[in-house]
Amino acid sequence: MPELPEVETTRRGLEPLITDRRIVSVHIYKPRLRWEIPTHLTKTLNNQTIRKITRRGKYLLLHFDIGQLVMHLGMSGSISVVSSIEPLKKHEHFELKLDNSTSLRFNDPRRFGSVLWQKPNETLTLLKNLGPEPLSYEFDNDSLFKSSNGKSRNIKSFIMDSNVVVGVGNIYASESLFLAGISPKREAGKTSKRRFIVLTQCIKDVLTDAINNGGTTLNDFSNVDGNPGYFSQILNVYDRDNMPCIRCSGKIKRIIQNQRATYYCPKCQH
Ligand SMILES: [Zn+2]
């Protein structure tokens, strides 16, 4: 599943290819994604210029003078920019033909992704209650510590809550807690300020590393197959149950928390 680093890598890859490009035509091949792609887009976006591409959480926003196209990759989505004469591939549901004979194509085999429209001065409900961006200054140990106040839930589900901070997915939550030496079972509200100082930095480091690793796949964006590629990032605990911990050589344990797999070292994380 594309997580924040993959989405940010996608944004960086797309930026030079689509910024300032004018849309010549819009094609909706299969409107039924997680929500239906608004049919008015074929008219609304005609002749409009893409001013910039930004990211909020795991949403990508294409900015136009008349509003924003909001895209989410869901479970299996990817976006590529290819020559417009390239034959359409299976699962390419949405296409923006640009004024330089290239096309932005949205591919999503499982169709949990979305392509939505947001008018100027409007914020979609989906984007309204999102917490701070993990790599921004607004996300600091103070704000994280304060929002943990009185929370009896475990710290892993706490940092994965997009109202608390966006984009800390399952893999990155396990990895950040390992680096911070914090047990995923610890109660969020009973975690000290000192631990939050360490954890906040570990979250930033893990995500920054992942994004930097993704940087090596950026060139793929102009390739015909247009796959964004996934990270070859080194994971310390995730998916390593029963394997030796890199710190203490003890065994990494796998447990289920909130229906999601958690990996941690019982010796190093308290
Ligand atoms: Zn260990």
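The values are calculated or read from the model by the stated rules, or taken from the named source; none is laboratory data. Please read these numbers as outputs of a predicted model, since none were measured by experiment. Positions of Cβ are backbone-derived with ideal geometry, glycine not excepted, and every protein chain shown enters the neighbour counts. In case anyone asks, the SASA skips ligands and DNA or RNA and just uses the protein heavy atoms, side chains included. Shrake-Rupley method; radii C 1.70, N 1.55, O 1.52, S 1.80 Å.
Here are the numbers:
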| read-out | value |
| --- | --- |
| Members of the stretch 240-252 found to be near the ligand (Cβ under 10 Å from one of its atoms) and under 16 Å from LEU177 (Cβ atoms), listed by number | CYS245, ILE246, ARG247, CYS248, GLY250, ILE252 |
| Yes/no for ASP225 being open to solvent by 10 Å² or more (accessible area, probe 1.4 Å), modelled with pLDDT under 90 and under 27 Å from THR9 (Cα atoms) | yes |
| LYS267 vs. criteria within 16 Å of the ligand (Cβ to nearest atom), surrounded by fewer than 15 Cβ atoms within 10 Å (Cβ to Cβ), part of a loop (DSSP other than H, G, I, E, B) and modelled with pLDDT of 95 or more | yes |
| Test: residue in the stretch 145-157 that is free of Cβ contacts under 8 Å to residues at least 24 places away in the same chain and either touching an Asp or Glu at 6+ places or on another chain (Cβ under 9 Å) or not in a loop (DSSP other than H, G, I, E, B) (or both) | yes |
| Subset of the stretch 123-163 (residues that are of a type in the set (A, V, I, L, M) and either out of contact with any Phe, Trp or Tyr (no Cβ under 7 Å at 6 or more places or on another chain) or farther than 13 Å from ILE203 by Cα (or both)) | LEU124, LEU126, LEU127, LEU130, LEU135, ILE155, ILE159, MET160 |
| Residue list for the stretch 135-174, restricted to those being under 23 Å from TYR263 (Cα atoms) and of a type in the set (Gly, Ala, Ser) | SER148, SER152, SER157, SER162, GLY167, GLY169, ALA173, SER174 |
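Let's see how each residue does on (1) surrounded by fewer than 21 Cβ atoms within 10 Å (Cβ to Cβ); (2) under 30 Å from PHE196 (Cα atoms); (3) modelled with pLDDT under 95:
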position: HIS93; (1), (2), (3): no, no, no
position: LYS97; (1), (2), (3): yes, no, no
position: TRP117; (1), (2), (3): yes, no, no
position: THR123; (1), (2), (3): yes, no, yes
position: PRO132; (1), (2), (3): yes, yes, no
position: PHE158; (1), (2), (3): no, yes, no
position: ILE171; (1), (2), (3): no, yes, yes
